[in-house]
Amino acid sequence: MDFSLTPEQQALRDSAVTLARREFSARAFQHDSFAWDSLKTLADNGFTGLTITEADGGQGASLLEAVLVMQAVTKVCPHSGDAVQASNFGAIRQIANFGTKRVKDEVLTKLLKGEGLVSAGMSEPEAGSALTDLRTTARYDGDSVVLNGQKCWNSHGPEITHSVVWCRFGPRTRDIGAVVVPVDAPGFSKGRPERYMSGEQHCTLTFDDCRVPRDYVLADADAVKNMLSIFGVERLGNASRALALAETAYERAVEHVKQRKQFGRPLMEFQGLQWKFADMRIKLDSAKLLIFRAVANAAGEAPDPIEAAIAKAHTNEVAFAVANDALQAFGAAGYSTDLPMEYFVRRIRGWMIAGGSVEILRNTIAQDVFGTRFSQRRPEAVR
């Protein structure tokens, strides 16, 4: 497999690096909320909607090109990487792939211009990884759809303008659907802002006879089967960000151990550290190869679910290990908040949960290994 970039792909990556260094580097670790300024800059420079067709207002680029931009921006400014994720890999793809013309005109256009922010409203207090246990309901009422329920763990929730809310149109698993809900819809409210250990904000979303236009329904049946293919794109965006931060932590640590002396010798001369850094390099290269495999084999820009699951699970774990080892190489300085090393560790840790936990991904991979589905539900009691 040829991993060399075409001249056009190299130019795109170089352009993203130049933009990030010029516009984002000065505030790389200073954002305490979503980087709206970065999102608008990305939109103004054609870096939103990369994987969305030109007919829908996107750039019509390949998934590989979107991954290259993600890694280039994230290595300079992780917060700006959030904006790349939101405008290329996340719930925006659900809207682009399944939205009605009205939704695309009224919602997608704003998102691509950097004037809106959408999250995926999936997790609930009693339904995290067990998506089919969700309790939020939806029912049609004339030209409207009415929602009742609650969502939690919505990254950037306090600042979103829209949410793709996963809900039940009936009691069966196949009745699960998804609806685009603007934050100004009647019956919609947000809970108090809270923070993850990464510093990102989240909040509860509540729907109390929340009413939105019927045209805002993305699916009212079989959403789990039909829409989850898009999650492979989100998972590769997640993995690409984790890899980018781990590479940055690794590169900083390499330079540190070249310069830092203890016992009258540079740290890099100690074999224990040499082997540690060799292992870090192996982990980073293996993660990059798995991401590139999933991207290269993506059919119609939707990656194979198993290849995406393998890439995300492996990258999440090795990226966290590399960032943690890089912090260790700095000693107490790495543990201090004066350097971003501890931030890299905290930030990467969250991606082992978001977008499909590494445990759930292993379940998916195991099912492919054995060619059968393993139910996680408790067997009914024998009577």
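The values are calculated or read from the model by the stated rules, or taken from the named source; none is laboratory data. In this text the structure is predicted, and so the values were computed from the model without any measurement. Positions of Cβ are backbone-derived with ideal geometry, glycine not excepted, and every protein chain shown enters the neighbour counts. In case anyone asks, the SASA skips ligands and DNA or RNA and just uses the protein heavy atoms, side chains included. Shrake-Rupley method; radii C 1.70, N 1.55, O 1.52, S 1.80 Å.
Taking all protein chains together and a probe of 1.4 Å, list Asp32, Asp82 from the most accessible to the least accessible.
Correct descending sequence by accessible area is Asp32, Asp82.
Which residue fluctuates the most in the chain, going by a Gaussian network model with Cα springs under 10 Å, if the choices are Pro158, Pro171, Pro186?
It is Pro171.
When the convex hull of the Cα atoms of segment 228-303 is projected onto a plane and the area is averaged over all directions, what value comes out in nm²?
So the mean shadow area of the Cα hull is 5.5 nm².
Work out the FRET efficiency for Thr53 and Phe270 from their Cβ-Cβ distance, taking R0 = 51 Å, and round it to the nearest 0.05.
0.45
Between segment 300-324 and segment 187-225, what is the separation of their alpha carbon centroids in Å?
A separation of 26 Å, based on Cα centres.
Can you tell which of Thr53, Trp275, Gly350 lies farthest toward the positive end of the dipole of the chain, using +1 and -1 charges on the Cβ of basic and acidic side chains (Lys, Arg; Asp, Glu)?
Positive-end residue among those listed: Trp275.
Only helical DSSP H runs with n ≥ 4 go in: add -39500 (n - 2.57) per run for the chain, normalise by residue count and round the 222 nm mean residue ellipticity to 500 deg cm²/dmol.
Taking each H run of at least 4 residues, the total per residue is -14500 deg cm²/dmol.
Putting +1 on Lys and Arg Cβ atoms and -1 on Asp and Glu Cβ atoms, find which of Ile160, Tyr250, Leu39 reaches farthest to the positive end of the dipole of the chain.
Tyr250
Once you mark the chymotrypsin sites (Phe, Trp or Tyr not before Pro) that are in a DSSP loop and have at most 14 other Cβ atoms within 10 Å, what is the longest gap between them in the chain?
It runs 30-262.
At a Förster radius of 25 Å, what calculated FRET efficiency corresponds to the Cβ-Cβ distance of Ala221 and Glu115, to the nearest 0.05?
0.20
Go ahead and run the numbers for FRET between Phe370 and Tyr196, Cβ-Cβ distance against an R0 of 30 Å, rounding to 0.05.
Computed FRET efficiency for Phe370 and Tyr196 comes out at 0.30.
What residue among Ile348, Ile306, Ile92 has the largest mean-square fluctuation in a Gaussian network model of the chain, using Cα springs under 10 Å?
Largest GNM mean-square fluctuation: Ile306.
Glu317 versus Lys40, label points 7 Å from Cα toward the beta carbon: distance in nm?
Rounded to a tenth, the inter-label distance reads 4.3 nm.
Work out how far the C-alpha atoms of segment 175-293 reach from end to end along every principal axis, then list the three figures in whole Å, largest first.
Extents along the principal axes: 70, 36, 16 Å.
Could you pull out every residue, at least 5 positions away or on a different chain, whose amide H is within less than 5 Å of the one on Glu124? Hs are placed 1.01 Å off N in the peptide plane, and Pro or chain starts have none.
Cys152
Testing the spin-label approximation: label points 7 Å from Cα along Cα→Cβ at Arg346 and Ser129. State their distance in nm.
Output for this residue pair reads 2.6 nm.
Between Val179, Ala319, Gln259, whose Cα lies farthest towards the positive end of the dipole of the chain when Lys and Arg beta carbons carry +1 and Asp and Glu beta carbons carry -1, centred on the Cα centre?
Farthest along the dipole direction, towards plus: Gln259.
If one computes P(r) from the Cα atoms of the chain, what percent of pairs lie at distances over 30 Å?
Counting every Cα pair in the chain, those more than 30 Å apart make up 40 percent.
Using the Cα centre of the chain as the reference point, and only Cβ charges (+1 on K/R, -1 on D/E), how large is the resulting charge dipole? Debye, rounded to the nearest 20.
800
Measure off 7 Å from each Cα along the Cα-to-Cβ vector at Glu359 and Arg378, then give the distance between these two points in nanometres to one decimal.
1.6
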